[in-house]
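Read the figures in this text as sums done on the coordinates, not as results from a lab. The structure displayed is predicted, hence computed values, not measured ones. All Cβ positions, glycine included, derive from the backbone under ideal geometry; neighbour counts span all protein chains shown.
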Ligand SMILES: [Zn+2]
């Protein structure tokens, strides 16, 4: 059990234990929330509104229904009942009220959940001074959250209000074509290069050096002296689902190839890399509205697309996609469109990650950008209508795309081609049954287009016969998210078909 699990477990088993207590680390006053304010928050909370922030809910008479965020399912069994103020999943049994949902789903503490609700419903939380014991109970997670929020303000101030920040950081963002409103929305910042300005300022403000290190902002030498880990870099805050800052990426502005381009916060009580997606807080509503999630590689791709008016976009930030990230997307849509720059090596490296998306039952499309362009550079030079058109026109079903690519690569080499077909069949086998026929058809057409020698066709036939069997073994298509298919819908911003299950 991790430290965090342990804490959650304790809170769950004694829900009132930590009631009404919240303590902020210095430099803020250590305070507790007044009980009457807590009651006011509880009274205001509407379960469908709260859960609806994180789960795509559809009204069914007096209740709401959605895909359960706590277990993997393809048909919704997650019920929200406003009249009773509760949610209940008939698949895995999870249930609770608004506060319980925020604790379970967002990994908030009880007090963090109260604060979240108060903010959402615009309720003021009067606070009283905390006792020393209460103050001591402050969790590491809350402390790191306070540090990250403070560090964001600090680094943004240094970007906008200091000579060095303007000359180096801000001019870099402007060179990239970022507008001021976008720089502010994404809360970008800058850390001065020399003098460990951040460490000095943070420690002078009462932050604990050990926690600053855990939050990723400072490193300490053996003699205990601190230095700024992000010195001379522009900063990109990573937001959690609810918009809280959980980590940072920091980019060097030097051309020295030996320097890592990005430094990132380490994992912490607040930040688990495999469970977070860059941009998700800004994208979740648009993903639901557009019926698909655009997946890109980097921070700047997300920001440039936002600036072009395309908001349903997240990045896995350079790491290969994880199951948790895929499930995070799945809360909002069952369709993913991956935007690639034209680099074949990068595409090949990511193929396995895409199989993971298929295995979770999402439909996947791929858009390849022209040589030398990535989503960032492409979106910067064009109006958003043109970018959207391009995505809609170029989106290809992933398996067809993979087949094209592998078969083209194997051209004239029967052994390679057999291996390619094997790989394609493996991908097809992951797709939920209802879509399979269309995919197989399209794939086979594409294979046939690429096919050279007649000898290889035996392999193709082998592939074709292998697939429907696997599909049948997985059960009938009844009850699966059927028409969420795959080769027919355009699956791009503007099209709702891809996820609508029509
Ligand atoms: Zn469930």
Give me the one-decimal nm value for the distance between modelled label points at residue 162 and residue 219, 7 Å along each residue's Cα-to-Cβ direction.
1.9
At a 10 angstrom cut-off on C-beta neighbours, averaged per residue, how do the peptides 156-165, 207-216 rank from highest to lowest?
207-216, 156-165
Cβ-derived FRET efficiency at R0 35 Å, residue 149 paired with residue 382, nearest 0.05:
0.50
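Could you order the peptides 101-107, 361-367 from most to least packed, using the average number of other C-beta atoms within 10 Å per residue? Working shown, then result.
Values: 101-107: 21.4, 361-367: 24.9.
Packing order, densest peptide first, comes out as 361-367, 101-107.
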I need the calculated FRET efficiency for the pair residue 256 and residue 174, taking r as the beta carbon distance and R₀ as 25 Å, to the nearest 0.05.
0.70
In nanometres, what is the gap between the two model label sites at residue 415 and residue 42, each 7 Å from Cα along Cα-to-Cβ?
7.1
When the Kirkwood hydrodynamic radius is evaluated over all pairs of different C-alpha atoms of the range 36-118, what value in angstrom, to one decimal, is obtained?
12.8
Stokes-Einstein diffusion coefficient of the range 140-271, Kirkwood radius over Cα pairs, 20 °C, 1.002 mPa s, in µm²/s
145
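Relative contact order of the range 140-271: what whole-number percent is it, with Cα pairs under 8 angstrom and at least 6 residues apart? Provide the component values of the computation, followed by the final result.
Numbers: 197 pairs, mean separation 34.7, N = 132.
Averaging sequence separation for qualifying contacts and normalising by length gives 26 percent for the range 140-271.
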Provide the FRET efficiency to the nearest 0.05 for the residue 408-residue 373 pair, computing r from the beta carbons and using R0 = 35 Å.
0.95
Exposure proxy check: 120, 278 ranked by fewest other beta carbons within 10 Å?
120, 278
At 7 Å along the Cα-to-beta-carbon direction for both residue 203 and residue 49, put a label point, then send me their distance in nm to one decimal.
4.6
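If each residue's Cβ is checked for other Cβ atoms within 10 Å, how do 424, 99 rank with the fewest at the top? Walk me through the intermediate numbers first.
Working: 424 27, 99 22.
Ascending number of Cβ neighbours within 10 Å: 99, 424.
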Calculated on alpha-carbon atoms, Rg and Dmax of the range 281-329 in Å:
10.3, 29
Using the 10 angstrom Cβ neighbour count as an exposure proxy, how do 300, 322 rank, fewest first?
322, 300
